[in-house]
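Enquirer: Just passing along the structure, written as structure tokens.
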Amino acid sequence: MNEHTPSPQQRAREEELIETVVGSFAAAPDARLKEVMQALTRHLHAFVREVRLTEEEWAAGIAFLNAAGRITDERRQEFILLSDVLGVSMQTVAVNNEAYGDATEATVFGPFFTEDAPFIENGGDITGGAPGRPCWVEGTVTDTTGAPVAGARIEVWEADEDGFYDVQYGDDRVAGRAHLYTDEDGRYRFWGLTPTPYPIPNDGPVGKLLDAVGRSPMRASHLHFMVSAAQMRTLVTHIFVRGDELLDRDSVFGVKESLIMDFSEQAAGSETPDGRDLGGRSWSRTRFDIVLAPASEPTNTRAEAQKGTDR
Ligand code: BEZ
Ligand code: FE
């Protein structure tokens, strides 16, 4: 701990620097950019002053960011991962998805969504042969008055039971992801995999950081959803598995009580909802009823930007 207390003259010098830097943005033509850069300057300087950052620590921080940059490419997004483990992603989700009635809560997007997940009919299978225990997922999409939303686009994606998303295998497989649409009554259903826990990518600088502070990279078991419909706020969320021991220590702070669902175990050989023969395997089932807020409320801009356009 750095217990040095700066003199009044020293404080004045530090504050003068902040005002000079803040002032350097005063003529920015974009008012929002000016606001963001001035606030960022104040907060960064406050941090440096609060911890009395040493020059070695500053250099270590720069080296960390350089390493994050080196490992980042189209498939690996170390800076998003850093934002995730610092809770900044979840704070941004919170700021941009204010509670609206009983609309379903949003959570972190994560790096494993892809634009081109295959289309499946209602009742279809998203697994693409990925290993894991089959799970029947069904529910409805309604607005906050309870009216069904027909034709809502539902993107779903998940890791396999070995803890990997298809895109992590480095071949061109497509598995554990699909998109489908609600029927005329706002209902949907599909076969997926029973979610299992997995670590966020931890072979880079963010993994080293977690290690250094004694934090686990594990995420609570979950299944991702992104739901969009005309005039509705796009919902990016997951459902979690009740009873999962990682619920209270998810590495990216994504768990919300309202998103924890019962995944009920079904005995091997028991009858399936659509009569599908699972070859004597056990399976699970869950229900997730989704409520969308109207689009006039703040939207999740990142999700909007990444949303597919094939319908
Ligand atoms: C995910 O759930 O896919 C995820 C979220 C944040 C960081 C890494 C993975
Ligand atoms: Fe995930």
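The values are calculated or read from the model by the stated rules, or taken from the named source; none is laboratory data. Remember, it's a predicted structure, so these values are computed and weren't measured experimentally. FYI the Cβ positions are ideal-geometry reconstructions off the backbone, even for glycines, and counts take in every protein chain you see.
Enquirer: Among the candidates GLU19, GLU50, GLU105, single out the residue that is exposed (fewer than 11 other Cβ atoms within 10 Å of the Cβ) and either within 16 Å of ligand 1 (Cβ to nearest atom) or over 18 Å from the mean Cα position of the chain (by Cα) (or both).
Expert: The conditions single out GLU50.
Enquirer: What number of residues within region 175-223 are within 19 Å of VAL156 (Cβ to Cβ) and either modelled with pLDDT under 95 or within 16 Å of ligand 2 (Cβ to nearest atom) (or both)?
Expert: 16
Enquirer: Please go through region 165-181 and give me each residue that is within 16 Å of ligand 1 (Cβ to nearest atom) and farther than 28 Å from THR140 by Cα, ordered by number.
Expert: Answer for region 165-181, where residues must be within 16 Å of ligand 1 (Cβ to nearest atom) and farther than 28 Å from THR140 by Cα: VAL167, GLN168, TYR169.
Enquirer: Pairs only if they're at least six apart or on different chains, beta carbon under 7 angstrom, first in region 236-250 and over 18 Å from ALA94 (Cβ atoms) and more than 16 Å from ligand 1 (Cβ to nearest atom), second acidic (Asp, Glu) and at pLDDT 95 or above; list them, first residue then second.
Expert: These pairs meet every condition: ARG242/ASP262.
Enquirer: Looking only at region 235-264, count every residue that is small (Gly, Ala, Ser) and within 14 Å of ligand 2 (Cβ to nearest atom) and tell me the total.
Expert: Going residue by residue through region 235-264, those that are small (Gly, Ala, Ser) are 243, 251, 254, 258, 264.
Retained after the next criterion (residues that are within 14 Å of ligand 2 (Cβ to nearest atom)): 251, 254.
Number satisfying all stated conditions: 2.
Enquirer: Also, I was wondering about something else. Quick one: which of GLY146, GLY139 is touching a strand residue (DSSP E or B) at 6+ places or on another chain (Cβ under 9 Å), more than 16 Å from ligand 2 (Cβ to nearest atom) and free of Cβ contacts under 8 Å to residues at least 24 places away in the same chain?
Expert: GLY146
Enquirer: State whether one or more residues within region 114-123 are farther than 28 Å from VAL167 by Cα, in contact with a Pro (Cβ under 9 Å, 6 or more places away or on another chain) and more than 16 Å from ligand 1 (Cβ to nearest atom).
Expert: Looking through region 114-123, none of the residues is farther than 28 Å from VAL167 by Cα, in contact with a Pro (Cβ under 9 Å, 6 or more places away or on another chain) and more than 16 Å from ligand 1 (Cβ to nearest atom).
Enquirer: Hey, could you check region 226-236 for residues that are in a strand (DSSP E or B), within 10 Å of ARG153 (Cα to Cα) and among the hydrophobic types (A, V, I, L, M, F, W, C) and say which is nearest to the chain's Cα centre (by Cα)? Talk me through it step by step, then tell me what you get.
Expert: First pass over region 226-236, keeping only residues in a strand (DSSP E or B): 226-228, 232, 235-236.
When the remaining residues are screened for being within 10 Å of ARG153 (Cα to Cα), the result is 226-228.
Next, only the ones that are among the hydrophobic types (A, V, I, L, M, F, W, C) stay: 226-227.
Details: MET226: 10, VAL227: 14 Å.
Ranking the candidates gives MET226 first.
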